[in-house]
1. Counting only residues that are exposed (fewer than 13 other Cβ atoms within 10 Å of the Cβ), within 29 Å of the chain's Cα centre (by Cα) and part of a strand (DSSP E or B), how many does segment 89-109 have?
2. Can you tell me which of (1) modelled with pLDDT of 90 or more; (2) of a type outside the set (Val, Ile, Thr); (3) surrounded by 10 or more Cβ atoms within 10 Å (Cβ to Cβ) is the one Arg112 doesn't meet?
3. Answer yes or no as to whether Arg86 is assigned to a loop (DSSP other than H, G, I, E, B) and at pLDDT 85 or above.
Amino acid sequence: MKAWLAGLAGLPLLAMAAEPAPAAGAVATPAAPALGAGSGMAAQLGQTALGLFAVVVVILALAWLLRRVQQVSPRGGQVIELLGSRALGPRDRLVLVQVGQEQILLGLSPGRITPLHVLEHPVDTPRPGEAAAPEFAQRLMELLGKDHKDRK
């Protein structure tokens with residue numbers, strides 16, 4: 001992979017080497033550089049486009065690889081899990097953390113973390129895949145259905 005990238009990096013140098021250098025005492029005619037400049041410009045533009053394309057492909061490949069690696073080790077296997085938090089002020093928060101089977105209420109302030117309470121009965125929290133409040137959606141549909149019936 002590194003050799004391939006090094007080869008792409010050397011493409012502009014190959015293009016420069018392919019153009020003949022004028023001899024030390026030779027006088028260039030005005031017509032000759034004009035013909036060669038157009039094809040040289042197109043070649044350089046093509047190489048630049050190819051280089052940019054290669055960079056974009058490498059970035060996309062790395063992004064794909066990163067997503068695949070993150071899927072292999074999901075976050076659900078962590079020992080410490082943040083269940084919820086509530087802001088008390090601009091810099092103070094309450095945080096509910098689960099460590100193993102224990103839930104702990106922590107107070108966070110600048111430079112200090114204080115355990116406030118260890119809960120004897122764990123608080124039931126919805127899992128990320130579950131709906132947070134299905135009864136809310138059901139109640140909303142009832143209200144919307146009621147509004148439609150009243151309008152008729």
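The values are calculated or read from the model by the stated rules, or taken from the named source; none is laboratory data. These numbers come from a predicted model, not from an experiment. When we count neighbours, we look across all protein chains shown, and the Cβ atoms used for this are built from the backbone with ideal geometry, even at glycine.
1. Looking only at that region, the number is 1.
2. (3)
3. no
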